[in-house]
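Trainee: Below is the structure I would like to discuss, written out as structure tokens.
The values are calculated or read from the model by the stated rules, or taken from the named source; none is laboratory data. In this text the structure is predicted, and so the values were computed from the model without any measurement. For neighbour counting, all protein chains shown are included, and Cβ atoms are generated from backbone atoms with ideal geometry for every residue, glycine included.
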Amino acid sequence: MPSTLRHLLFIVAPLLIVFAILPGVYENHLMLFNFVVFLILAQGVNVIYGFTGYLPFGYVGFFGGGAYGFAMMVMHAHAPAPLALIVAGVAAVLLGLLLTPLLRLSGAYFAIANLAASLAVLHFVANPALEDITRGPYGVSLTATFNPNAAYWAALLVLALTLGVVVFLKNSRFGLALQAVREDPVSAAMAGVSVVRMRVVAWLASALIAGLAGGVYAWYVSVFFPDNVFSGTFSIFAIVFALFGGVATIIGPIVGVLILYGVYNLIGFTTPQYFQLIYGLLIMGLVLFLPAGLVSLATRRGWHVP
Amino acid sequence: MSPEPTPILQADGLVKRFGGFYALGGLTFHVAPGEILGLVGPNGSGKTTAINVISGLYAPDGGRVTFEGRSIGGLASHRLVHLGINRTFQVPKPFLSLTVRQNIEVALAYGRSASAPPSIESLLQEYRLAEVADRPAQDLNNVQQKTLDLVRALATGPRLLLLDELAAGLNPTELDWIASRIRSLAQAGMAIIVVEHLMGFIEQITDRVIVMNAGKEIFEGTLAVAVKVPEVIEVFLGGEHAA
Amino acid sequence: MIRKLASAFAAACLLAAPVLAAEPPAEIKIGTLYASSGRYASISMPVHSALKLWVDQKNADGGVYVKAFDKKIPIKLVAYDDQSNTATASTLYNQLITQDKVDLLVADSGSVLTAPAVAIARDHKMFLFDQTGTGASFFSKDNPYIALMADPVSTIWPKPVADFLTQDGPALGIKKIAILYSTNEFTGTQANAVRKFIKDSGAPVEIVYDQGVPTETTNYTVIINNIRAKQPDAVIHLGYAPNDIAFLRNVNEVGVKFKWLFCIYPGLETELLEKNVGVKGLQHVFTYVPPSELDYPVNFGMKMPEFRALWNKSFPDGKVEFGFNAVAGYTTALVIEKTLSVATSLDQMELRRAVFSLSGQLKTLDGTFALDDMGGQIGELTPLGQLELDDHGHLKFVAVYPHDVATGKPVYPRP
Amino acid sequence: MLVYALVAGLLFGLYFSLVGIGLNLVFGVMRIVNLAHGDFLMLGAFIAVGVSALAALDPLFAVPLAFVVFVLVGLVLYRLLVPRLQGSVNPEMLSIILFFGLSQVIEALTTIAFGTSERSIPSSELGAILAPLRVRLFGDADGPVELFGQTFPATWAISAMVSVIAIGLVYVYLYRTRLGTLTRAVMSRRDEAFATGINVDRVSAAAFGIGLGLAAVAGVFAPFMFGSVTPAFGEDATVTSFAVVVLGSLGNPLGTALGGVVYGISYMLVQTYLSSWADLLPYVLLILILLLRPSGLLGRRVRVA
């Protein structure tokens, strides 16, 4: 069996099926929805960080951009949710195009510039001068498309698409070439890889993923402020989850989200007063003791991790 | 030497500046298919810069470089690879977290070799990497990494190959082995430019050398003749001319 | 629309019937969130602490009277920490509804953290006790599942300020007004409202400066200088507590004396502002007169002095400041208590009916509880007042507008 | 208005140089992105609040205290965190996440200890010991100071003055002491510094300690420059520090001073003429500088992929 099929059959399908069944069993649908959103975002981070080495510290810029793309379509064009969702993705891709010059930066410089870019987008969207377009700081209320159930299924669809992208990257020469670019751009160019084009494609793909996630999020929550959808914790969580599991793999980010976001919710439900403290310590421990993620426990033993 | 065929690469008055420093100050030379050309000269004479310009790492600031009659100055590296130019690096830079096989796969897939490229298995066998094929490149020793760098270049089916200090750090047996590989590549019609400090190695494999100083060529001919030219001797100051 | 509500109500009554027959529960579960850290912690903690105070007080007394079961039942407060993070807040609101199956859902403080609850509550047909989320977008005709407990909606809150300037102002010599606001939902909406009230009044006053600054602004020296250049007779500054602290400190440090200056938080969080700005810096400043100064006639719950004494006893370490937000939390609690004492079942639509039935009737230490038909709070209005020093050098409030509650004359211009 | 904005921007900017300089040192020497930088600032502010409230002393006394305490904290943290971090595959990236975790821990602990309310210090307390000097210079011991015929908060002038002194001392450290010279060597060529036998570990530990100490010193003035502080104050301060540092170029303390001033002046100009867009400024400046002049205003270092 080709590995692509194996990955789709034994990783992607079971995950999707579980999350399709869970709402019937477990009633905190928003928690399930947030799991799906973080699965999407963590894989989006995986695409850009895992496969090209750019750490998108302002990843939430695309997410918020998508959410506002969705909101503006609903508010101004009275578009139906599915169409608005597509526009959410397009909005994020356009934002990604605008930010492609950032790819000239390396390492921490890229991470910081990306963070600054996401904050710039936040303050732009939230400026009262744009009240007629974005509702500025006053927040949007999308009662016309309010349908959490449909939004949940849309989120699963976006997750399926995202996982499809990652499976493709993991099994294709394209993905291999991306990793080559990450390891050494000069050598990659000397292998005939168009370094700039590869990076831009990965960058836009991860922007699209976050934009769609932002779109379904806007659809689901329907009332939000700029601070809600541009909250830096989306970036941080997505990155920490992806790293915890292990990037450049399919299952790493999935395991990362399931375990770490699970633990996060467990702490939140049980010992709320030390929530932030415990979580901060957990993150530090992760970096110090498992810097290559959980999958490294397996790869260190020479096992292959998809 | 047989009568010279048409050159595959022709450099005319190449200039490369870094700030006010002229790394190349009007370098002119050519190389023909099937020929092994040595670039020699003291440190800082512009040998590696020449290779970097030809392989597209730097755009030239002046002069002209043509490959198979086509001007290639300033083209991006991957475009040059597709045209049939490739190189190795003084310090090899394989894709460390990828396996040896994956390293070669990338080049095979993206090299757009004009001729059918050699198969991955034959490359692994021929260059003694079969045993480590499924290990990540970071596990390889320096010589193996250098070989992998060469194989990565060969996988794109180049017609012009630039070798930057390939021989450094190899023991005599390995040197003989790699020299024979290079010669057989040339015999198959590949043009090869070798930058090297080891004069014995240069003498062993090159048909012709260009001696460089301060970004320009000061001698062209065989090494045996070069070492008798006073200007060349002066440049090396009795340095490395082992011949 | 009315028909829709009516049918929903009818359905609710049908559902309510079996609840009445059921055994009384061992406890009434009230679910809420708070932010112990992050950007909204300083407004969330006082509100939440007040709610907790009420729960402890009632439970010590055997619980609250619940009409649906005609007996006192202890309260269980299910509270989670959202850390000012709205995605976390969403999950936790949902957890409260679907897993903990709380009987009453109470939002976290402030509009940003209330926002996620609005849609979730509506989706699960849970009535949302909105404590201080004054966002105008929360209240719509097609959403019956929300009411604002303790703050007036932002669109009408600043009416006394505008009315004073347009009606009493010209006689005092106030002709030029400057408005400076932080660009967030809370203060931005109030700025819009003030501007509209002033323009619509037709009074001979002119707005000579009207600028929004980012909410993160903590540095007003240059802005103060720019306002001074316009020579306004009155300056309205609308910002959150940290903005007010920085603004007032800068005003004093630069040595500017605006003839008439209004800020929100000297009235709402007087102790906090006094600690950070100092008594001298607050003297002559106009602000909202908090309920703690007005001694509203109370027909339910503790009076202000009692509440304050209990607060100081319960939180002696001063980590959570007593102030308007503390009162807001307690007001929410009182609305809940009263609601439980009149609702004939714990069904959500019956709770809504009970809450709305209190409108205009319930008088707490926060003033008269009054709702518009969308659930927006239009009672509990705060008059305009001025901070002056009493004989002992302590701050006191002088209410100046509306005239029927006024306790003195405004000092204008500031000496 | 223009003159006022320019002078205010200068004072404000000099202070921001001090805010950023510790971050610069840590990143320049170790390639570590200290996302908890703003939290150390916040802790410095709490030390000042404590000195003022408990001991009733001029907050200026908190400056040496904060510096010494946080140099020590820095040395301990360095031992605990950095060697493990440097041993990983990509320390630069992982440091971002590690120090984000640390910032969470610091904020949580501070909240548990002090609560969430805004804290500050009366403006008149800062520089109380300088009162005789002020009487001689300005004629009174209280109230604003006059510069170019305009009045500015005295606290701003004092903060700016202390910032200049602190930056001067950093300059002396880097250019006039042996450890400082080695520090510069490590900054410019970390890889080669190892090869030349410099005790990179010692240099780094010192830089880390001094970086944290400087952040805490800047924090002492935060209650005056920002009106008040809360445990959540660190996050915004960190991002602004990055803007200042990147503006000026990394690894160059004079650059940070220039970056701070450029940032301060442009901030005040935007606030004067386009006030509601003022918060876009640091981010847009940061991105533009990175893209157009990647080495910063005074830098040589290449940071292009």
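Trainee: Show the residue pairs that are 6+ apart or on different chains and have beta-carbon atoms under 6 Å apart, the first residue being within segment B:143-160 and on the phi > 0 side of the Ramachandran plot, the second being outside any helix (DSSP H, G or I).
Mentor: From residues that are on the phi > 0 side of the Ramachandran plot, the pairs are B:157/B:113; B:157/B:115; B:157/B:117.
Trainee: Might you let me know whether segment B:122-144 holds any residue that is surrounded by fewer than 22 Cβ atoms within 10 Å (Cβ to Cβ) and aromatic (Phe, Trp, Tyr)?
Mentor: For segment B:122-144, residues surrounded by fewer than 22 Cβ atoms within 10 Å (Cβ to Cβ) and aromatic (Phe, Trp, Tyr): present.
Trainee: Filtering segment C:34-77 down to residues that are basic (Lys, Arg) and part of a helix (DSSP H, G or I), which residue is farthest from the chain's Cα centre (by Cα)?
Mentor: Of all residues in segment C:34-77, those basic (Lys, Arg) come to C:39, C:52, C:58, C:67, C:71-72, C:76.
Still in the running and part of a helix (DSSP H, G or I): C:52, C:58, C:67.
Working: C:52: 17, C:58: 23, C:67: 28 Å.
Selected residue: C:67.
Trainee: With the condition kept exactly as written, say whether any residue in segment C:326-335 is of a type in the set (Val, Ile, Thr), closer than 30 Å to residue C:173 by Cα and crowded, with 21+ Cβ neighbours inside 10 Å.
Mentor: If we filter segment C:326-335 for residues that are of a type in the set (Val, Ile, Thr), which is where we start, we get C:327, C:331-332, C:335.
From the residues that got through so far, the ones that are closer than 30 Å to residue C:173 by Cα too are none.
For segment C:326-335, residues of a type in the set (Val, Ile, Thr), closer than 30 Å to residue C:173 by Cα and crowded, with 21+ Cβ neighbours inside 10 Å: absent.
Trainee: What are the pairs with Cβ atoms under 8 angstrom where one residue, in segment B:35-59, is within 13 Å of chain A (Cβ to nearest Cβ) and free of Cβ contacts under 8 Å to residues at least 60 places away in the same chain and the other, located anywhere, is of a type in the set (A, V, I, L, M) and surrounded by fewer than 22 Cβ atoms within 10 Å (Cβ to Cβ)? Sequence gap at least six, or different chains.
Mentor: So the pair list comes out as B:56/B:72; B:56/B:75; B:56/B:76; B:57/A:186.
Trainee: Here's something else I'd like to know. What residue, of A:205, A:189, is in a helix (DSSP H, G or I), at pLDDT 95 or above and either within 8 Å of another protein chain (Cβ to nearest Cβ) or within 28 Å of residue A:295 (Cβ to Cβ) (or both)? Break it down stepwise before answering.
Mentor: On the way: A:189 fails: at pLDDT 95 or above.
Step by step, each of A:205, A:189 is checked, and only A:205 is in a helix (DSSP H, G or I), at pLDDT 95 or above and either within 8 Å of another protein chain (Cβ to nearest Cβ) or within 28 Å of residue A:295 (Cβ to Cβ) (or both).
Trainee: Which residue, of A:255, A:263, is at pLDDT 85 or above, surrounded by fewer than 18 Cβ atoms within 10 Å (Cβ to Cβ) and either in contact with a helix residue (DSSP H, G or I) (Cβ under 8 Å, 6 or more places away or on another chain) or more than 11 Å from chain D (Cβ to nearest Cβ) (or both)?
Mentor: Numbers: A:255 fails: surrounded by fewer than 18 Cβ atoms within 10 Å (Cβ to Cβ).
None of the other options fit; the residue is A:263.
Trainee: Can you find even one residue in segment A:291-302 that is crowded, with 21+ Cβ neighbours inside 10 Å, touching a helix residue (DSSP H, G or I) at 6+ places or on another chain (Cβ under 6 Å), more than 10 Å from every other protein chain (Cβ to nearest Cβ) and more than 21 Å from residue D:81 (Cα to Cα)?
Mentor: Yes: one or more hits.
Quick grid of which residues meet (1) part of a helix (DSSP H, G or I); (2) surrounded by fewer than 21 Cβ atoms within 10 Å (Cβ to Cβ); (3) acidic (Asp, Glu); (4) in contact (Cβ under 8 Å) with a residue 24 or more places away in the chain:
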position	(1), (2), (3), (4)
D:45	yes, no, no, yes
D:66	yes, no, no, yes
D:76	yes, yes, no, no
D:102	yes, no, no, yes
D:112	yes, yes, no, no
D:121	no, no, no, yes
D:133	yes, yes, no, no
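Trainee: Follow-up. Scan segment A:148-164 for residues that are among the hydrophobic types (A, V, I, L, M, F, W, C) and either within 12 Å of another protein chain (Cβ to nearest Cβ) or surrounded by fewer than 20 Cβ atoms within 10 Å (Cβ to Cβ) (or both) and report the count.
Mentor: Here is the first cut: in segment A:148-164, the residues among the hydrophobic types (A, V, I, L, M, F, W, C) are A:150-151, A:153-161, A:163.
Remaining after also requiring either within 12 Å of another protein chain (Cβ to nearest Cβ) or surrounded by fewer than 20 Cβ atoms within 10 Å (Cβ to Cβ) (or both): A:150-151, A:153, A:157, A:160-161.
Total satisfying the criteria: 6.
Trainee: Now for a different question. Outside any helix (DSSP H, G or I) and surrounded by 19 or more Cβ atoms within 10 Å (Cβ to Cβ): does that describe residue D:34?
Mentor: Working: outside any helix (DSSP H, G or I): yes; surrounded by 19 or more Cβ atoms within 10 Å (Cβ to Cβ): yes.
Spelling it out, residue D:34 is indeed outside any helix (DSSP H, G or I) and surrounded by 19 or more Cβ atoms within 10 Å (Cβ to Cβ).
Trainee: Scan segment C:98-116 residue by residue and report those that are surrounded by fewer than 23 Cβ atoms within 10 Å (Cβ to Cβ) and of a type in the set (Val, Ile, Thr).
Mentor: Residues satisfying the conditions are C:98, C:102.
Trainee: Which numbered condition trips up residue C:125, out of (1) out of contact with any His (no Cβ under 7 Å at 6 or more places or on another chain); (2) closer than 29 Å to residue A:64 by Cα; (3) in a helix (DSSP H, G or I)?
Mentor: (3)
Trainee: Tell me yes or no: at least one residue of segment A:61-73 is of a type in the set (A, V, I, L, M), away from every other protein chain (no Cβ under 14 Å) and either over 19 Å from the mean Cα position of the chain (by Cα) or not in a helix (DSSP H, G or I) (or both). Reasoning before the result, please.
Mentor: First, pick out the residues of segment A:61-73 that are of a type in the set (A, V, I, L, M): A:67, A:71-73.
Adding the requirement that they be away from every other protein chain (no Cβ under 14 Å) leaves A:72-73.
Filter again for either over 19 Å from the mean Cα position of the chain (by Cα) or not in a helix (DSSP H, G or I) (or both), leaving A:72-73.
Scanning segment A:61-73, I find at least one residue that is of a type in the set (A, V, I, L, M), away from every other protein chain (no Cβ under 14 Å) and either over 19 Å from the mean Cα position of the chain (by Cα) or not in a helix (DSSP H, G or I) (or both), so the answer is yes.
Trainee: Please pick out the residue among C:209, C:220 that is closer than 27 Å to residue C:396 by Cβ, aromatic (Phe, Trp, Tyr) and within 14 Å of chain D (Cβ to nearest Cβ).
Mentor: Details: C:209 fails: closer than 27 Å to residue C:396 by Cβ.
That would be C:220, the only listed residue that is closer than 27 Å to residue C:396 by Cβ, aromatic (Phe, Trp, Tyr) and within 14 Å of chain D (Cβ to nearest Cβ).
Trainee: Name the single residue, out of those in segment C:78-122 being in a loop (DSSP other than H, G, I, E, B) and of a type in the set (Gly, Ala, Ser), that is nearest to the other protein chains (Cβ to nearest Cβ). Full working, then the answer.
Mentor: Filtering segment C:78-122 for residues in a loop (DSSP other than H, G, I, E, B) gives C:82-85, C:99-103, C:107-109.
From what's left, of a type in the set (Gly, Ala, Ser): C:84, C:107, C:109.
Details: C:84: 8, C:107: 12, C:109: 11 Å.
Looking at residues that are in a loop (DSSP other than H, G, I, E, B) and of a type in the set (Gly, Ala, Ser), I get C:84.
Trainee: Continuing with this model, one more query. All but one of (1) more than 27 Å from residue A:193 (Cβ to Cβ); (2) crowded, with 20+ Cβ neighbours inside 10 Å hold for residue B:160, so report the exception by its number.
Mentor: That leaves (1) as the condition not met.
Trainee: When you look at residue C:278, is it within 21 Å of residue D:53 (Cβ to Cβ), in contact with a Pro (Cβ under 6 Å, 6 or more places away or on another chain) and either hydroxyl-bearing (Ser, Thr, Tyr) or within 13 Å of chain D (Cβ to nearest Cβ) (or both), yes or no? Talk me through it step by step, then tell me what you get.
Mentor: Details: within 21 Å of residue D:53 (Cβ to Cβ): yes; in contact with a Pro (Cβ under 6 Å, 6 or more places away or on another chain): yes; either hydroxyl-bearing (Ser, Thr, Tyr) or within 13 Å of chain D (Cβ to nearest Cβ) (or both): yes.
Taking the combined requirement at face value, the residue satisfies it.
Trainee: Would you pick out the residues in segment B:140-164 that are of a type in the set (D, E, K, R), more than 11 Å from chain A (Cβ to nearest Cβ) and either part of a helix (DSSP H, G or I) or touching a helix residue (DSSP H, G or I) at 6+ places or on another chain (Cβ under 8 Å) (or both)? Let's see the steps before the verdict.
Mentor: So the first thing to find is which residues in segment B:140-164 are of a type in the set (D, E, K, R), and the list is B:146, B:149, B:152, B:159, B:164.
This time we only want the ones that are more than 11 Å from chain A (Cβ to nearest Cβ), so: B:146, B:159, B:164.
Within segment B:140-164, B:146, B:164 meet the criteria.
Trainee: Output the strands (runs of 3 or more DSSP E) that fall wholly within segment B:1-89 and possess 1 or more residues being of a type in the set (S, T, N, Q) and under 13 Å from the mean Cα position of the chain (by Cα), or say none.
Mentor: On the way: elements: B:9-18, B:21-31, B:36-40, B:62-67, B:85-87.
Counting at least 1 such residues, we get B:85-87.
Trainee: Out of all the residues in segment D:52-62, is one or more in contact with a Gly (Cβ under 6 Å, 6 or more places away or on another chain) and within 12 Å of chain C (Cβ to nearest Cβ)? Spell out the reasoning first.
Mentor: Applying the first criterion (in contact with a Gly (Cβ under 6 Å, 6 or more places away or on another chain)) to segment D:52-62 yields none.
Checking segment D:52-62: not a single residue is in contact with a Gly (Cβ under 6 Å, 6 or more places away or on another chain) and within 12 Å of chain C (Cβ to nearest Cβ).
Trainee: Just wondering, is there one or more residues in segment C:274-286 that are assigned by TED's automatic domain parsing to the domain that holds residue C:233, surrounded by fewer than 24 Cβ atoms within 10 Å (Cβ to Cβ), assigned to a loop (DSSP other than H, G, I, E, B) and at negative phi?
Mentor: For segment C:274-286, residues assigned by TED's automatic domain parsing to the domain that holds residue C:233, surrounded by fewer than 24 Cβ atoms within 10 Å (Cβ to Cβ), assigned to a loop (DSSP other than H, G, I, E, B) and at negative phi: present.
Trainee: Pick out the one residue from C:144, C:170, C:160, C:152 that is in contact with a helix residue (DSSP H, G or I) (Cβ under 9 Å, 6 or more places away or on another chain) and either in a helix (DSSP H, G or I) or within 13 Å of chain A (Cβ to nearest Cβ) (or both). Give the steps one after another, and end with the answer.
Mentor: Numbers: C:170 fails: in contact with a helix residue (DSSP H, G or I) (Cβ under 9 Å, 6 or more places away or on another chain); C:160 fails: in contact with a helix residue (DSSP H, G or I) (Cβ under 9 Å, 6 or more places away or on another chain); C:152 fails: either in a helix (DSSP H, G or I) or within 13 Å of chain A (Cβ to nearest Cβ) (or both).
When all the criteria are applied, what remains is C:144.
Trainee: Here is a further query. Could you please let me know if residue C:217 is farther than 20 Å from residue C:384 by Cα, crowded, with 24+ Cβ neighbours inside 10 Å and in contact with a Phe, Trp or Tyr (Cβ under 7 Å, 6 or more places away or on another chain)? Before the answer, list the steps.
Mentor: Working: farther than 20 Å from residue C:384 by Cα: yes; crowded, with 24+ Cβ neighbours inside 10 Å: yes; in contact with a Phe, Trp or Tyr (Cβ under 7 Å, 6 or more places away or on another chain): no.
So residue C:217 does not fit the description; no.
Trainee: Under 25 Å from residue A:49 (Cα atoms) and more than 14 Å from chain C (Cβ to nearest Cβ) - does that describe any residue in segment D:66-82?
Mentor: In the first step, residues of segment D:66-82 are kept if they are under 25 Å from residue A:49 (Cα atoms); the result is D:81-82.
Cutting the leftovers down to more than 14 Å from chain C (Cβ to nearest Cβ) gives us D:81-82.
Checked against the condition, which is being under 25 Å from residue A:49 (Cα atoms) and more than 14 Å from chain C (Cβ to nearest Cβ), segment D:66-82 yields at least one hit.
A quick yes/no check of all residues on (1) surrounded by fewer than 22 Cβ atoms within 10 Å (Cβ to Cβ); (2) within 13 Å of the chain's Cα centre (by Cα):
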residue: B:150; (1), (2): no, yes
residue: B:164; (1), (2): no, yes
residue: B:170; (1), (2): yes, no
residue: B:176; (1), (2): yes, no
residue: B:186; (1), (2): yes, yes
residue: B:192; (1), (2): no, yes
residue: B:201; (1), (2): no, no
residue: B:204; (1), (2): yes, no
